[in-house]
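Before anything else, here's the structure in question.
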Amino acid sequence: MIASDKTSFDATGFRVWRIQIAMDLTGKLLSREQRLLFYGTTPPRLDSPSEIVERAAERLAERLLGRDVDAIVVYDIQDESGRTQVERPFPFTETVDPREFASLLRHLTGRPTITYKSLGNLDEIAWRAWMDESANDPGFRALSIVGRPTSGVTYELSLAKAIRLAVAHPSQIVVGGVAIAERHTEKRSEAARLLSKTVDGCSYFISQTVYTAESTRQMLSDYVRDCDKAGIEPRRIVLTFATCGRERTMHFLRWLGVNVPTEVARSILTSEAPAAKSIQVCRDNLCRILDHSYDLPLGINVESISLYKDEIEASIELADVLSEVLHA
């Protein structure tokens, strides 16, 4: 098992250290000076034996060893079958509680974590209880709240109210939201949604996977413009990228709602080394996005969306490549 040398502390010292790395992340998220690098992962299946969960965390710790990753993002996946009529390429399975997996990763890597939470059918009472329970972990300091995948349905607890309740919680966690450039159109402004979430209290946003630069550039520019008009300081936006080494993974990306242009998908899937080609595409997209100057703090999140070893290893390479671009 891999562990940071910090784990040699006694119980009190280790608790203080965990609080310290959480505070370090809080400062980084709120800073306008730093460009941050995150790595995103999904917890193992809910029915996984404890030794399998631990081994999954250990393997990730091994891959991230020596890399300058500011935080690990732990996703909370939900059944999104109501969002589209297209059949899901991978069957939906519940996972280990992201808070549990995040805690394990903090133990093994010494890095802070950002935990996602999908609201699902939670009402206000259940949401408050979930927040109270989460606050018992001193390392739980950053939360990304995800709304429901199905539009046009009224829920007892709205996304806006859930954000406001989390921001007001005594634990004083840093609350973030999701940015989806594909929703930024003439008919529906994602920039306006980001501004609304900013007003509700979101301190940062993590985007959906980026495979087209222009829509992201437009969303960022319009968000900064809208914030300027409202007299509000724009918050950090972390752009997510992912590798793709096979047709099934490409299908999954598109099923998730990621806009991968036909010519881009073809160039990746017909390449002799598809995963390497996807790294090149992601690098080019990031360079095109950064060609424009935005008056807001940015960051990069590299996510692993595949169970295939070659694509997972490619995601680590992608983190290295994009980190060089980000900090150039």
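Consider a paramagnetic label point 7 Å from the Cα of Gln218 along Cα→Cβ; state which residues of the stretch 289-311 have an amide N under 17 Å from it.
Taking a point 7 Å out along Cα→Cβ of Gln218, the residues of the stretch 289-311 whose backbone N falls under 17 Å are 289-290, 292.
Separate question: Can you tell me which of Glu133, Glu58, Glu311 moves the most in a GNM of the chain? Springs connect C-alpha atoms under 10 Å apart.
Of Glu133, Glu58, Glu311, the Gaussian network model singles out Glu133 as fluctuating most.
Apply 1/(1 + (r/R0)^6) to the Cβ-Cβ distance of Ser171 and Trp255, taking R0 = 45 Å, and write down the FRET efficiency to the nearest 0.05.
0.80
Related question: Run the simple label-point estimate for Leu307 and Glu272 please: 7 Å along Cα→C-beta, distance reported in nm.
3.1 nm
Could you point to the residue in Ala160, Phe205, Cys244 farthest towards the positive end of the chain's charge dipole, with +1 and -1 charges on the Cβ of Lys/Arg and Asp/Glu respectively?
My answer, from the dipole projection, is Ala160.
How large is the charge dipole for the stretch 5-326, taken about the Cα centre, if only the Cβ atoms of Lys, Arg (+1) and Asp, Glu (-1) carry charge, to the nearest 20 debye?
520 debye
Under a point-charge model restricted to the Cβ atoms of Lys and Arg (+1) and Asp and Glu (-1), what is the dipole moment magnitude of the stretch 225-303 relative to its Cα centre, in debye to the nearest 20?
On the way: 11 positive and 10 negative charges, 45 e Å.
I would put it at about 220 debye.
May I pose another question? Spin-label point model (7 Å from Cα, Cβ direction): what's the Ser293 to Glu317 distance in nm?
Label-label distance for Ser293 and Glu317, simple model: 3.5 nm.
Taking H as built 1.01 Å from N, whose amide H comes closer than 5 Å to the amide H of Ile300, not counting residues under 5 places away?
Leu36, Leu37, Phe38, Leu239
Only the coordinates and a few stated rules stand behind these numbers; no lab work does. Quick caveat, the model's predicted, so the values are computed rather than measured. Cβ atoms come from the backbone with ideal geometry, glycine included; neighbour counts cover every protein chain shown.
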